[in-house]
Amino acid sequence: MPRHWLGLAVGVAPLVLYAFSSRVKDLELYFNTAHAFLGGATPNQDFRFEYPPYALLWFVPAAWLGGTLKGFVPLFGLQLVLFDAVSKWLLLSEGVRRWGDSLKAWVPFAAYSVTSWVMSVHYLKRYDLIPATFTLAALVALSRRRDVLAGLALSIGIVTKLYPVVLVPLALAVCWRRGAWASTRRLVLGLVLGALPLLPLSAFWPWWNFAAFHVGRGLQVESLGASLLWGAHLLGLVPDVAWEHAPAAYELHGAAAEWVKGVSRWVWVVGSLASAAVGLWAVRRRMPEQVEDIARLALLPLLAFVILNPVLSPQYLVWLTGAAALALLSGPRSAPVAVFIAALITRGIFAGSTYDTGIGAVHEVLLLVRNGLLLFAGAVLVRDVWWSAAEPSPQRR
C-alpha cells in the first residue's frame, strides 16, 4: 500500500508546482466575478456571470483568502490540485480493487496522470476539473451501489458546469435495472440534495440567466464544424470566413459560419439524444456490472456532447478523461485510448500557433486529427456497446 501512496504523490506533484505558475488565463475572470460577489454585487444582475451558480461558489474561498489576483492564482491552483488528487486516488483505488497488485491496476491512473501533466495549461488554469471530479466520483459511487452519493455528486457537477446532466438518464436506468424503486429513489434523493441550495440562492440571484449567454454563442473555432470550415477556408474553397475574438472565445464568423453553426446545433441535439438512447438500450439489454462498463456507457453521451457541440473549448477534454481512464480497466480499449491521444494533441494545437489571428495549415491538421479521434472514439463506443449488449447476459445463459 505505501507504494500506492508514493505513486499518487508522483502523479500529483508536477501539478503542485504548476499551481504557482503566474499564467492567468481564465483565472482573472474567476477572481473578478468572485471579488465583485464578495463586494455585494449580484451575478447576472450587476455583472454578467456565464457559468452555473455553484461555479462562483468554488471561486469565492481563494478570492477571499487571496485578496488580489496575484494571491488568488496560486490558491485556486492548489484548490484544483486537491481535486486532481481526489480524481487520481479514485482511479488508483478502482484499479487496485479490480486488479490488486498487478501492473494493470496502474493503467487508468498512469494514463490520466500523464494527460493531466501535458494538459496542465487547460487542466489547472480552468475550473472544469471540479465538475469532472464530481462526475468521476458519481460513476464510482454508482458502480459501488452508493446511489445517494452518486446522485449527490452528479447533481453538484451539474450545477457547477451543467454538462454532467447528460448522464442522469443513464444513472436512472442503472438504478432502475438493479433495484427498481428503492435504488432509483436513493439516486433521486441525492440529486435533490445536491440542488437544494438553489432554492435560497434564487431569492437574491437570478442564476438561471447564465443560459441566455450560451444560447447566443457563435461557432467556436475548435468545434468539429468550425475545424472543417476553416480547413476549407485554408484551401481557398470558402473565402468568406473570419476568425474573430468573441466575448468568451475565438469564433468563426461569416455567412458560411452561420450556416454551419445552425446545422451543428441540430446535429449536436440529435446526436446527444441518440447516444443517450443507445446507452439506455444497452442497460435494458445487459446490466453493467463493473465500473468500467458504466464508464464506457457514460463516455458515449459525454463524447457526443463534446465533439458534436458548436462550442468545443480545449478544457472540454477534461470532461472525458476520467470516464476514459476507468474504461481502460478491462474490455475494448480503442475508444478510451483515442480519447487520451486526442487530449494530448490538444496542447499541440496552441504550441507555436497563430491562434489569436487564425491557425495555419500544420495546426489545422492537428485540430482535424484531434476531432477525428473523438469522432472515431464515439463510433467505436457505439459498436462496442452494441456488441456487448447484444450478447446474452450470464443470467440468461
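Okay, residues lined up against (1) surrounded by 15 or more Cβ atoms within 10 Å (Cβ to Cβ); (2) modelled with pLDDT of 90 or more:
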| position | (1), (2) |
| --- | --- |
| 165 | yes, yes |
| 168 | yes, yes |
| 183 | yes, yes |
| 191 | yes, yes |
| 195 | yes, yes |
| 201 | yes, no |
| 208 | no, no |
| 211 | no, no |
| 214 | no, no |
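Out of (1) in contact with a His (Cβ under 9 Å, 6 or more places away or on another chain); (2) surrounded by fewer than 24 Cβ atoms within 10 Å (Cβ to Cβ), what's the single condition that is false for residue 318?
(2)
Determine if region 147-156 includes at least one residue that is farther than 19 Å from residue 54 by Cβ and without any contact (Cβ under 8 Å) to a residue 24 or more places away in the chain.
In the first step, residues of region 147-156 are kept if they are farther than 19 Å from residue 54 by Cβ; the result is 147.
Still in the running and without any contact (Cβ under 8 Å) to a residue 24 or more places away in the chain: none.
Taking every residue of region 147-156 in turn, none turns out to be farther than 19 Å from residue 54 by Cβ and without any contact (Cβ under 8 Å) to a residue 24 or more places away in the chain.
Restricting to region 214-231, give me the number of residues that are touching an Asp or Glu at 6+ places or on another chain (Cβ under 9 Å) and under 14 Å from residue 358 (Cβ atoms). Outline the logic, then answer.
Taking region 214-231 first, the residues touching an Asp or Glu at 6+ places or on another chain (Cβ under 9 Å) are 214, 217-221, 226-227, 230-231.
From what's left, under 14 Å from residue 358 (Cβ atoms): 219-221, 226-227, 230-231.
Total meeting the criteria: 7.
Among the numbered criteria (1) farther than 30 Å from residue 176 by Cβ; (2) without any contact (Cβ under 8 Å) to a residue 40 or more places away in the chain; (3) surrounded by fewer than 23 Cβ atoms within 10 Å (Cβ to Cβ), which one does residue 249 miss?
Checking residue 249 against (1) farther than 30 Å from residue 176 by Cβ; (2) without any contact (Cβ under 8 Å) to a residue 40 or more places away in the chain; (3) surrounded by fewer than 23 Cβ atoms within 10 Å (Cβ to Cβ), the one that fails is (2).
For a quick check of your reading of the model, give me the residue pairs whose first member lies in region 94-109 and is in contact (Cβ under 8 Å) with a residue 12 or more places away in the chain and open to solvent by 40 Å² or more (accessible area, probe 1.4 Å), whose second is in a helix (DSSP H, G or I) and of a type in the set (A, V, I, L, M), with beta-carbon atoms closer than 7 Å and at least 6 apart or on different chains.
Final answer for the pair search is 96/105; 98/105; 99/105.
Can you tell me which of 294, 341 is modelled with pLDDT of 90 or more, over 30 Å from residue 25 (Cβ atoms), within 17 Å of the chain's Cα centre (by Cα) and not hydroxyl-bearing (Ser, Thr, Tyr)? First the steps, then the outcome.
Details: 341 fails: over 30 Å from residue 25 (Cβ atoms).
Sole residue among the options that is modelled with pLDDT of 90 or more, over 30 Å from residue 25 (Cβ atoms), within 17 Å of the chain's Cα centre (by Cα) and not hydroxyl-bearing (Ser, Thr, Tyr): 294.
Pick from region 50-81 the residues that are without any contact (Cβ under 8 Å) to a residue 24 or more places away in the chain and within 18 Å of residue 315 (Cβ to Cβ): which of them is most open to solvent (accessible area, probe 1.4 Å)?
Going through the qualifying residues, I end up with 79.
Taking residue 173 as meeting all but one of (1) more than 27 Å from residue 53 (Cβ to Cβ); (2) surrounded by 15 or more Cβ atoms within 10 Å (Cβ to Cβ); (3) free of Cβ contacts under 8 Å to residues at least 24 places away in the same chain, write down the number of the exception.
(3)
Do any residues in region 18-47 that are loosely packed, with under 13 Cβ neighbours inside 10 Å have Cβ atoms under 8 Å from those of residues that are of a type in the set (A, V, I, L, M) and in a loop (DSSP other than H, G, I, E, B), where the two are at least six apart or on different chains, and which pairs are they?
Sorted first by the residue in region 18-47, then by its partner, the pairs are 47/41.
So which of 78, 57 is at pLDDT 95 or above and in a helix (DSSP H, G or I)? Please lay out each step first, then the result.
Numbers: 57 fails: at pLDDT 95 or above.
On inspection, the qualifying residue turns out to be 78.
Would you please name the residue that is most open to solvent (accessible area, probe 1.4 Å), looking only at residues in region 337-371 that are touching a Ser or Thr at 6+ places or on another chain (Cβ under 9 Å) and of a type outside the set (A, V, I, L, M)?
Out of the qualifying residues, it is 347.
The values are calculated or read from the model by the stated rules, or taken from the named source; none is laboratory data. Nothing here was measured: the structure is a model prediction, and the numbers come from that model. All Cβ positions, glycine included, derive from the backbone under ideal geometry; neighbour counts span all protein chains shown. Quick note on the areas: whole protein, heavy atoms, side chains included, nothing else; ligands and nucleic acids left out. Shrake-Rupley method; radii C 1.70, N 1.55, O 1.52, S 1.80 Å.
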